[in-house]
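What follows is one structure encoded as structure tokens, with my remarks underneath.
The values are calculated or read from the model by the stated rules, or taken from the named source; none is laboratory data. The structure presented is a predicted model; accordingly, all values stated were derived computationally and were not measured. Here the Cβ positions follow ideal geometry from the backbone for every residue, glycine too, while neighbour counts run over all protein chains shown. Just the protein is used for accessible areas: all its heavy atoms, side chains included, with ligands, DNA and RNA removed. Shrake-Rupley method; radii C 1.70, N 1.55, O 1.52, S 1.80 Å.
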Amino acid sequence: MRIVLLGAPGAGKGTVAKLLSEFDGSVQISTGDILRAAVKDGTDLGREAKDYMDRGDLVPDALIMKIMEERLQKPDCGKGFILDGFPRTILQAEALKTLLERLKIKLDFVVNLEVPKDVILDRLTTRRTCSNPECQEIYNIKSNPPTAAGTCKKCGSPVIQRDDETVAAINNRLETYNEKTAPLIGFYEREGLLKNFLSLQSKETVAEIEKSLKNK
Ligand code: ADP
Ligand code: ZN
């Protein structure tokens, strides 16, 4: 499959992307994961991106496009890809369109995950993430807690609250989403690529997306 996942922070893009990639081996490409790994490794990219990320601001478009141009040309993308957290601005969406035309790649469609605001807020404040950059398993202290010792069930590393998951940073991320990313819904509607999914349970949403792919 070749799809883009759109949705507010906390809409469940990461969880849905992971389940979809298990379905047919398409690779999940998360710009957030790539950036967090770069911060952790202390690369030039990571040093440039860290302050924007901690505030809940977007990393500059030019930096993101450089990452994604390289990433989309790696051989594993031949199996298909699920873009999770990219594009995030109209400029990125336009640049992605040009890039895909150049690479002769066609998207199946763009999935817009719709989740009510109160659900989003509850999810974001209760979310915890595995601190191991190779793992980054997502937990929820209410619905899917880590071990009693606060460690990851998959890899045993400490499970933490991300710097951008403080209340101030969360509010900023939601504002940034409304201002910069929500306009992509109209953009992809005009492109004839948009499909909306009300997303409360990730597993059900994934089944709906798989059905849409089959009926395409
Ligand atoms: P969430 O969707 O929960 O906000 P992500 O893991 O997708 O979190 O992204 C974390 C941070 O990484 C964002 O707040 C932003 O600073 C940066 N980031 C990720 N993807 C992009 C992108 N496509 N453009 C600009 N910044 C990005
Ligand atoms: Zn882990």
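Among the residues of this structure, N196 counts as one that is part of a strand (DSSP E or B), exposed (fewer than 15 other Cβ atoms within 10 Å of the Cβ) and modelled with pLDDT of 95 or more.
Residues considered: I160, I90. Of these, the only one that is touching a Pro at 6+ places or on another chain (Cβ under 8 Å) and surrounded by fewer than 17 Cβ atoms within 10 Å (Cβ to Cβ) is I90. On the given criteria, is K106 open to solvent by 40 Å² or more (accessible area, probe 1.4 Å), away from ligand 2 (no atom under 16 Å from the Cβ), free of Cβ contacts under 8 Å to residues at least 24 places away in the same chain and not acidic (D, E)? Spelling it out, it is not the case that K106 is open to solvent by 40 Å² or more (accessible area, probe 1.4 Å), away from ligand 2 (no atom under 16 Å from the Cβ), free of Cβ contacts under 8 Å to residues at least 24 places away in the same chain and not acidic (D, E). Residues of segment 165-192 that are within 20 Å of F109 (Cα to Cα) and crowded, with 17+ Cβ neighbours inside 10 Å: T181, L184, F187, Y188. Sub-8 Å Cβ pairs linking a first residue in segment 150-165 that is at pLDDT below 90 to a second residue that is open to solvent by 80 Å² or more (accessible area, probe 1.4 Å) and within 16 Å of ligand 1 (Cβ to nearest atom), at least 6 apart or interchain, are D164/R55, ordered by first then second residue.
Residue check: K154 meets all listed conditions (1) basic (K, R); (2) open to solvent by less than 70 Å² (accessible area, probe 1.4 Å); (3) in a loop (DSSP other than H, G, I, E, B) but one, namely (2).
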